[in-house]
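The values are calculated or read from the model by the stated rules, or taken from the named source; none is laboratory data. Bear in mind the structure is a predicted one, so any value in this text is a computation, not a measurement. Here the Cβ is made from the backbone with ideal geometry for all residues, glycine too, and neighbour counts use every protein chain on show.
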Ligand code: FES
């Protein structure tokens, strides 16, 4: 187990360790390793970033720089149900922006927040590949298309 800068410890699963071993020697691989870390934990915790710095020799400040630059990377744990509202062109033109605002209002959260019961977080995503159904929202593996704001309360209710 590697001791991080903060004195706490985190054990990466073997699959993630193997991925980092393979990629750390390749130039420009930090983003790949961060993606894999987020795929494993759902977000990039401070501990995970510290551990990645130790394993790769990449300065922690650079890792934080990349994590905070790209909106895709999350620094806090997402809700149990990840609500993703598509803001790709087709969905945006059909009111995706209003949907994301309404979803956050209904759940009483702001950007990067999780509901107090830990159930929901709401994030924008790029085109999810079903533009014909715009505007689209996904929750876990479920896709909701041709969505209107008035449908949201009932949908969220199913996940409570
Ligand atoms: S733009 Fe939303 S699914 Fe393509």
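Condition first: surrounded by fewer than 17 Cβ atoms within 10 Å (Cβ to Cβ), away from the ligand (no atom under 16 Å from the Cβ) and under 16 Å from residue 151 (Cα atoms). Now tell me which residues in the stretch 74-105 satisfy that.
Passing the criteria: 101, 105.
Go through 90, 61 for me and flag whichever is closer than 24 Å to residue 23 by Cβ and part of a helix (DSSP H, G or I). Please lay out each step first, then the result.
Numbers: 90 fails: closer than 24 Å to residue 23 by Cβ.
Answer to the check: 61.
Filter the stretch 149-160 for residues that are surrounded by fewer than 16 Cβ atoms within 10 Å (Cβ to Cβ) and touching a residue at least 24 places away in the same chain (Cβ under 8 Å) and give the result.
If we filter the stretch 149-160 for residues that are surrounded by fewer than 16 Cβ atoms within 10 Å (Cβ to Cβ), which is where we start, we get 149-151, 153-154, 157-160.
Scanning the stretch 149-160 gives 149, 153, 159, 160.
Any residue in the stretch 133-143 that is out of contact with any helix residue (DSSP H, G or I) (no Cβ under 6 Å at 6 or more places or on another chain), within 9 Å of the ligand (Cβ to nearest atom), assigned to a helix (DSSP H, G or I) and touching a residue at least 12 places away in the same chain (Cβ under 8 Å)?
Yes.
Scan the stretch 108-132 and report the pairs whose first residue is without any contact (Cβ under 8 Å) to a residue 24 or more places away in the chain and whose second residue is near the ligand (Cβ under 8 Å from one of its atoms) and part of a loop (DSSP other than H, G, I, E, B), with Cβ atoms within less than 6 Å and a gap of 6+ or a chain change.
Final answer for the pair search is 130/136.
In this structure, does residue 126 turn out to be within 16 Å of the ligand (Cβ to nearest atom) and not assigned by TED's automatic domain parsing to the domain that holds residue 33? Steps first, please.
Working: within 16 Å of the ligand (Cβ to nearest atom): yes; not assigned by TED's automatic domain parsing to the domain that holds residue 33: yes.
The answer is yes for residue 126.
Quick check on the stretch 107-123. Is at least one of its residues surrounded by fewer than 18 Cβ atoms within 10 Å (Cβ to Cβ), at pLDDT 95 or above and either within 16 Å of the ligand (Cβ to nearest atom) or in a helix (DSSP H, G or I) (or both)?
No, there is no match, as no residue in the stretch 107-123 is surrounded by fewer than 18 Cβ atoms within 10 Å (Cβ to Cβ), at pLDDT 95 or above and either within 16 Å of the ligand (Cβ to nearest atom) or in a helix (DSSP H, G or I) (or both).
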